[in-house]
1. Set the Förster distance to 45 Å, then compute FRET efficiency between SER263 and LYS122 from the Cβ-Cβ distance, nearest 0.05.
2. Determine, for each peptide in 202-212, 232-242, the mean count of other beta carbons within 10 angstrom over its residues, then list the peptides with the highest first.
3. Zone of TYR501 (label point 7 Å along Cα→Cβ, backbone N under 11 Å): which residues in region 431-465?
4. For TYR127, enumerate residues with amide H under 5 Å from its amide H, sequence gap 5+ or separate chain, H modeled in the peptide plane.
5. So, in nm, how far is label GLN418 from label GLU302 when the simple model puts each one 7 Å beyond its Cα toward the Cβ?
6. Could you give the nm distance between label points at SER42 and ARG205, where each point is 7 Å from its Cα heading toward the beta carbon?
7. If you filter region 341-446 for trypsin sites (Lys or Arg not before Pro), then keep DSSP loop positions with at most 16 other Cβ within 10 Å, what is left?
8. Report the label-to-label distance for GLN178 and SER164 in nanometres (one decimal), using points 7 Å from each Cα along the Cα→Cβ vector.
Amino acid sequence: MSKPLINILWFKRDLRLQDHAALAQAAADGIPCLLWYCFEPSLMAAPEMDLRHWRFVHESLLDLQQQLQGYQKKIYWVHSEVIPSLANLAEHYQIQHLYSHAETGIKLTFDRDKAVKKWCLKQGIQYHEFPHDGIIRGRKHRRAWVENLEKAYFKAPLAVVDLSQLNTLALPKNLLEQWAYPPLPAVIQTPQEGFQPGGETTAWRYLHSFFQERGKNYSLQLSKPAASRISCSRLSPYLAYGCVSSRTIMQMLRGKLPHNAGSWNLKNFRSRLWWRSHFIQKLESNWRIEIEPINPVFNQLERITEGPFLEAWKLGQTGFPMVDASMRCLQANGWVNFRMRAMLVSFASFALWLDWRPIATHLARLFLDFEPGIHYPQIQMQAGLTGYHTLRIYNPGTQVIKHDPEGIFIKKWVPELQHVPSTHLAEPWKMTPMEQSFYQCKIGQDYPAPLVDFESIIAINKDRYWQLRQSAAAKQALPKLLEQFCVPKDIVKYQQQTNTYVQE
Ligand SMILES: Cc1cc2nc3c(=O)[nH]c(=O)nc-3n(C[C@H](O)[C@H](O)[C@H](O)COP(=O)(O)OP(=O)(O)OC[C@H]3O[C@@H](n4cnc5c(N)ncnc54)[C@H](O)[C@@H]3O)c2cc1C
């Protein structure tokens, strides 16, 4: 007996129903289409991933389910690797097309996608990967890249999905029972307070509230760790898991920009959406950014890969209030603003001389919005590993004075310091013993003594770093790196700027 003909829509980091090119194609085909997501044990166990990510994915799937219910349609998710689950399906169905978005992910997902492609080829299944976010697969240079991003992605028509036309496949219950996939851990299915909940519907709520109200102080408060929680869009996890497409947001902005009194804010916001694709393209162009310094010469820095400094940094126990508050905030809810992220990496790299790889892995687990294509190039940039960006070293004390002068953020996340006056929060170790006792915070007892003397260690480590950065080998690598990672207008700027240093 011949098997029923079906298509499969494999959801990955594209957990939405709007502007979904793969889904639009599946709807247009008319053949019954199975909507499928796999919670892959190998990916769930990857060191970069955390339960918080899978909870967000689960919530996003529940939201899709809820939306589809209105159309009497269903999406399925299983706890299985992808190929075995497809093989199970192939025993009962003739799979004509497998549709998905391409993913610019970690090596593990890159290899998985190659394996799926190979498996499909062997089975005679046509596998279509739709490009995402204007990213060009395999591109080794940036010539005409900007023009392409604008024209072929941001300004191109949205991929509208006519859900009423989508012919979805309902799986017989006995098949699912027969396959007996293990249940998902209960912790993934339980919402956790403090974290942004997943889902396309919630993404739209964030988007509307940002445009209507929250974004009015965007540019002013972008760098403030407390106020930015409201004033930034907070769209990052929704973009990372594809609950909304960056193109949808860009097109909404196009309508708003010319008429809007707060267009300064919207322009700044727009540039960040642009950076998003720009950064993701870097990882797409060279997946090795995940494991090697962008400029290989910096392998010679021999930074520390384990030990008490790394552990103290991870736990938010460095004795530097802004570093500790940022880390503890991330542990509790998965988000801090850009500046605090940059400071965490810069502090770990230049004050503690830690290797960028354990830094990247730890922060990936903590960031609810972990997006490999932004994450690895940003970590490398802040750790000074490109050799062409301005080197910025963030002084955690200066961040307190400039961006949390009343200590609102610090006192929330480092309660040991709650009675300490804000004037001491930049350098609490400078309080006299009498002050420490008066403010109920004995340094070294209630709150850690600083791990290092910041100014003197930075002077040493900066020199150590700078010698290598100015070496002939470092400079020799630059032309190829600039060609690969920078848009043409920036190449000239970077060629002139390779030796700039700023202390923030
Ligand atoms: C070391 C380091 C690691 C980072 N890792 C990630 C990551 O894993 N995932 C992630 O989404 N962002 C990452 N960022 C970028 C940035 O900090 C976050 O995107 C931003 O804080 C998210 O908050 P938001 O959505 O309110 O941003 P908004 O300021 O409202 O910006 C809107 C969107 O633009 C994009 N964006 C914002 N800033 C940048 C930037 N500097 N580069 C590229 N895209 C940007 C994001 O998708 C963001 O959601 C990292 C930054 C640093 C310094």
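1. On the way: r = 53 Å, r/R0 = 1.18.
Calculated transfer efficiency: 0.25.
2. Numbers: 202-212: 17.4, 232-242: 22.9.
By packing density, highest mean first, the sequence is 232-242, 202-212.
3. It comes to 458-465, nothing else.
4. Distant-sequence amide H within range of TYR127: LEU98.
5. Going from the GLN418 label point to the GLU302 one covers 4.6 nm.
6. 3.7
7. When the trypsin sites (Lys or Arg not before Pro) of region 341-446 are filtered for loop state and at most 16 Cβ neighbours within 10 Å, LYS442 remain.
8. Label at GLN178, label at SER164, 3.6 nm between them.
Taken together, the values in this text are just the output of simple stated rules run on the coordinates, not laboratory data. From a predicted model like this one, the values you see are computed outputs, not experimental measurements. Counting neighbours? That spans all protein chains shown, and the Cβs are built from the backbone with ideal geometry, glycine included.
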